[in-house]
Amino acid sequence: MLLVRSAIFVLLHIITAVIFCFISIFVWPFPFKIRYTVMTRWARLNLWLLAKICRIEYQVTGRENIPDGPCVILCKHQSSWETLALQSVFPPQVWVLKRELLWLPFFGWGLACLNPIAIDRRAGKKALQQVIDQGKQRLDSGKCVVVFPEGTRVPVGQIGRFGIGGAKLATETGYPAVPVAHDAGKVWPRHGFIKYPGVISLVVGSPISTEGNSASEVNRLVQDWMFEQMTKLEGAPPQIKDKNQQNA
């Protein structure tokens, strides 16, 4: 039954993605607010499909910690679920992502419509400066910026070493960094086809002020908080993985 439910969801996930990517062509000329409102209906629809078909629900702790204005969201990356949920939990946002995602048929059109910060991760300092320059533009225009500091999805029970980009964006622009932890990998595993029934816990931490803090200090504060929260969510301290192990 799990296989059947998962197959039905994946099929609808793909079909709705294609439909919304065609819709993106028609809403492209409109302002970002309209494009975002239309395109994020896909994420909300798929969260609903997950609940109805796969019996995957979620609960949010710490909504009161979400700032009234723009912020840099530093989120745990464990599944594909959080890419949907963040659009439902937080105000309008753009993502820092690898530019190769924009080259994907259909799906890339929808991503491009939402004005992401698409970087070449091999570009090093140039990519970091792009995150800062374009991130400041997005923040100043009233949008949140989502960064997955681990850089890639990391399996349950593990935590990746954080890249400096998100923390650097926060300290360079003065906007607060908001850490987000969750345990979505237990029901929607990394690279996993089967979706397991359950309730995902998503925790929004208190905003971390960048005033007087270096990017390294902000990164350390977020990583320490993330380690503590993942220990609570998963019942055991996560194993720290280095970059080579993450990309294996």
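Each value in this text was obtained by applying a stated rule to the coordinates, not by laboratory testing. On a predicted model such as this, the values are computed, not experimentally measured, just so you know. Positions of Cβ are generated from backbone atoms using ideal geometry, with glycine treated the same way; all protein chains shown enter the neighbour counts.
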Inset, instruction - Pairs to check: Lys195/Lys232; Lys76/Lys232; Lys33/Lys126. Give those whose C-alpha atoms are more than 18 Å from each other in this structure. - result: Lys195/Lys232; Lys33/Lys126
Inset, instruction - May I ask for the equivalent-ellipsoid semi-axes of the range 129-208, computed as the square root of five times each C-alpha gyration tensor eigenvalue and listed largest first in whole Å? - result: 28, 14, 12
Legend entry - Of all DSSP beta bridges in the range 2-246, antiparallel share, percent nearest 5: 15 percent
Legend entry - Charged-residue dipole, Cβ positions (Lys, Arg, Asp, Glu), the chain about Cα centre, Debye nearest 20: 700 debye
Inset, instruction - Run the quick spin-label model on Ile15 and Lys136: label points 7 Å from Cα toward the beta carbon, then report their separation in nm to one decimal. - result: 4.7 nm
Inset, instruction - Please give the length that would be gained between Val199 and Phe107 if that part of the chain were fully extended, namely 0.36 nm times their separation in residues minus their C-alpha to C-alpha distance (nm, one decimal). - result: 30.4 nm
Inset, instruction - Subtracting the Cα-Cα distance from 0.36 nm times the residue separation, let me have the gained length for Lys98 to Ala123 in nm, one decimal. - result: 7.9 nm
Inset, instruction - Taking 7 Å along the Cα-to-C-beta vector as the label spot, tell me the Arg44-Phe30 distance in nanometres, rounded to one decimal. - result: 1.3 nm
Inset, instruction - Quick one: P(r) of the chain from all Cα-Cα pairs, 5 Å bins, percents rounded to integers, in order of increasing distance. - result: 1, 6, 13, 18, 20, 18, 14, 7, 2, 0, 0
